[in-house]
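What follows is a single structure, written as structure tokens, with notes after it.
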Ligand code: DGJ
């Protein structure tokens, strides 16, 4: 029975208001959205409220619609009425479903919203089903559509742009009238181009503690799209914004059979009326609790060999690196690309992918002696794998040229490789076997880096009919997620890092099976500061792998300090470091162990921005504070030589007012630094959130301060 005149349904968690329902004709409407919602002016005819989830052909010919379908009978229009609503509750939250159906056709569209308990995060998705006479085509299938009014100085911040090594670039813009589309394509590492996250500031620029910030994340490992359609409201200073978010239908019309269900990816969002800080905090808590494997588990210090050796190593070189890694305090050794391939050894990126057997020319005794060296040195052993890919120069491709994603044209190489078609059951089994082969190359492997280094350029699958080749854009993501889920289930004891040409897959969907992501192949600490700042709006440091390298030729102390703001690790040629630098690395490991509980699990306070203030590119500072405010770690960076208008005082937040803290500096050149929080000489005493003198001394310096409330330290 149609539920016209249903009472407004409140979808939002407690922190903000979002009320929806139906008009007298049963059309789903958005009644109110904002920091608070007052009385829903009963006098206003309900049809005047914006459509909740507009559909193409429903009378609004002048806007794009989040749902556009060609029906089995050729009709292009879809007209939804709200039939019914249902609620359910589990340990994660309260889920409300608005069951909609087409007025005439046997099509149902469930609009689902889950308010996560205690997190003030709303998760929304759409489920589409039909019983039409034949398959229908979904051209657009967004997960979320919101209407809001925005001020003249409303803005957005989006992330990324130039592709490889430019993840998380901070792009703030004023929202001007017109349609803005923020999309990413390529299917496999779409986040390299544009992270599927967005901050909208509808009432003008927000700060960390004030102003409205609406934060969105599309939990999808494939192509994504935000649309922002801004129009003037005649006679008003305010303007209207229609925002759509979800999987990107561009070039990906989806054929949906009768009886099948199409579930769109989840979009997560939150509205903070106290600035960016609370939005961040909610995303961090959500990520730890739901989006990241073992989000509350503290991570180890990883030493990777990639930037030290690239493909050029042998057993002796690795064993040497392992011993030095242990000596400087690393806890896991990660062997990267280049360990496999026999007939086509992986000595460069043009051969070997797909042949997951150890290259015994490079590693004559196999992997076991390398892993054993790690175990003997007290380290865990980890290994790199790129299971979805194949080089044409591989035994795998020679045997199975039919396994790749392609259409009828000659397939295109990209980084000398092809993408495997995981929709094929034989390929799915091969991917599982590839992960297992990497893990089982040596006993005691407890860490895996799962990489993916090319986009989908010539989409197509032999498993899909000629009328639905474009389904591959969506189905490939789902099938890849199935393989990731299988890897996590089969190897529960193995920690996994997600990597895709750097941070190409850092999303709240794919991470479910991973403990962290490789943030970027850009490891220049100056660039990393800006990336980490941006990334921190959505991800806690526990998810964000950060390794000190020599990239950019910065002083090592600075690189180490920047990496300490993340899941700390090294990617250094340890054989080439001076004794003084090795000592700095040792200190950094001690500091990482001492601070990681707070950095990985504490509440983030962003203090001085490296990206969006007058001192952009010159200074940066953040703090991590524990739940009761009794302990904090402050990480402050002076990037350029101090200038006249630099910040000279570091205003703190999140500490207990009127409480005396012991202040200690954790020095990267102090071999006596201890890994026990609260140990070591007290530099001074400090009261609550009173400002600290800016600690930056010179260009490329990092300062790590620890604050311990006196009674907490006692
Ligand atoms: C891309 C990754 O981002 C790098 O860290 C490294 O693992 C290479 N792939 C190896 O080919």
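The values are calculated or read from the model by the stated rules, or taken from the named source; none is laboratory data. Small disclaimer: the values here were computed from a predicted structure and weren't measured. Positions of Cβ are generated from backbone atoms using ideal geometry, with glycine treated the same way; all protein chains shown enter the neighbour counts.
Where helices (runs of 4 or more DSSP H) fall wholly inside the stretch 295-385, the ranges with 1 or more residues that are within 16 Å of the ligand (Cβ to nearest atom) and either within 24 Å of residue 431 (Cα to Cα) or touching a strand residue (DSSP E or B) at 6+ places or on another chain (Cβ under 7 Å) (or both) are 306-309, 315-327.
Between residues in the stretch 486-510 that are farther than 20 Å from residue 389 by Cα and in a helix (DSSP H, G or I) and residues that are at pLDDT 95 or above and more than 16 Å from the ligand (Cβ to nearest atom), which pairs lie under 8 Å by C-beta distance while being six or more apart or on different chains? From the stretch 486-510, the pairs are 490/432; 490/436. Residues that are under 11 Å from the mean Cα position of the chain (by Cα) and within 20 Å of residue 454 (Cβ to Cβ) were ranked within the stretch 515-533; the one that is nearest to the ligand (Cβ to nearest atom) is 518.
Looking across the stretch 358-384, the residues that are farther than 23 Å from residue 329 by Cα and crowded, with 17+ Cβ neighbours inside 10 Å come down to 358, 359, 362, 363. If the condition is being within 21 Å of the chain's Cα centre (by Cα), without any contact (Cβ under 8 Å) to a residue 60 or more places away in the chain and within 21 Å of residue 582 (Cα to Cα), then the stretch 534-553 contributes 546, 548.
The set of residues in the stretch 64-91 that are under 25 Å from residue 32 (Cβ atoms) and surrounded by fewer than 17 Cβ atoms within 10 Å (Cβ to Cβ) comprises 84, 86, 87, 88, 89.
Being in contact with a strand residue (DSSP E or B) (Cβ under 6 Å, 6 or more places away or on another chain), more than 16 Å from the ligand (Cβ to nearest atom) and assigned by TED's automatic domain parsing to the domain that holds residue 370 holds for only one residue in 482, 444, and it is 444.
Is there a residue in the stretch 456-468 that is in the same structural domain as residue 404 (by TED's automatic domain parsing), within 16 Å of the ligand (Cβ to nearest atom) and assigned to a helix (DSSP H, G or I)?
no
Scan the stretch 663-703 residue by residue and report those that are in contact with a helix residue (DSSP H, G or I) (Cβ under 6 Å, 6 or more places away or on another chain) and over 30 Å from residue 551 (Cβ atoms). Correct list: 677, 678. In the set (1) touching a strand residue (DSSP E or B) at 6+ places or on another chain (Cβ under 9 Å); (2) more than 22 Å from residue 33 (Cβ to Cβ), residue 186 fails one condition alone, (1).
Quick grid of which residues meet (1) within 25 Å of residue 281 (Cα to Cα); (2) in contact (Cβ under 8 Å) with a residue 60 or more places away in the chain; (3) in contact with a helix residue (DSSP H, G or I) (Cβ under 9 Å, 6 or more places away or on another chain):
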position	(1), (2), (3)
581	no, no, yes
586	no, yes, yes
596	yes, yes, yes
604	yes, yes, yes
608	yes, no, no
611	yes, yes, yes
616	yes, no, yes
625	yes, no, yes
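When restricted to residues that are touching a strand residue (DSSP E or B) at 6+ places or on another chain (Cβ under 8 Å), in a loop (DSSP other than H, G, I, E, B) and within 15 Å of the ligand (Cβ to nearest atom), the stretch 386-419 contains 4. Would it be correct to say that residue 562 is touching a residue at least 40 places away in the same chain (Cβ under 8 Å), surrounded by fewer than 24 Cβ atoms within 10 Å (Cβ to Cβ), on the phi < 0 side of the Ramachandran plot and more than 16 Å from the ligand (Cβ to nearest atom)? No. Taking the stretch 148-212 and the strands (runs of 3 or more DSSP E) fully enclosed by it, the elements with 1 or more residues that are surrounded by 23 or more Cβ atoms within 10 Å (Cβ to Cβ) are at 155-159, 178-184, 197-201. Checked against the criterion of being farther than 19 Å from residue 216 by Cβ, assigned by TED's automatic domain parsing to the domain that holds residue 248 and in contact with a helix residue (DSSP H, G or I) (Cβ under 6 Å, 6 or more places away or on another chain), the stretch 177-191 has at least one qualifying residue.
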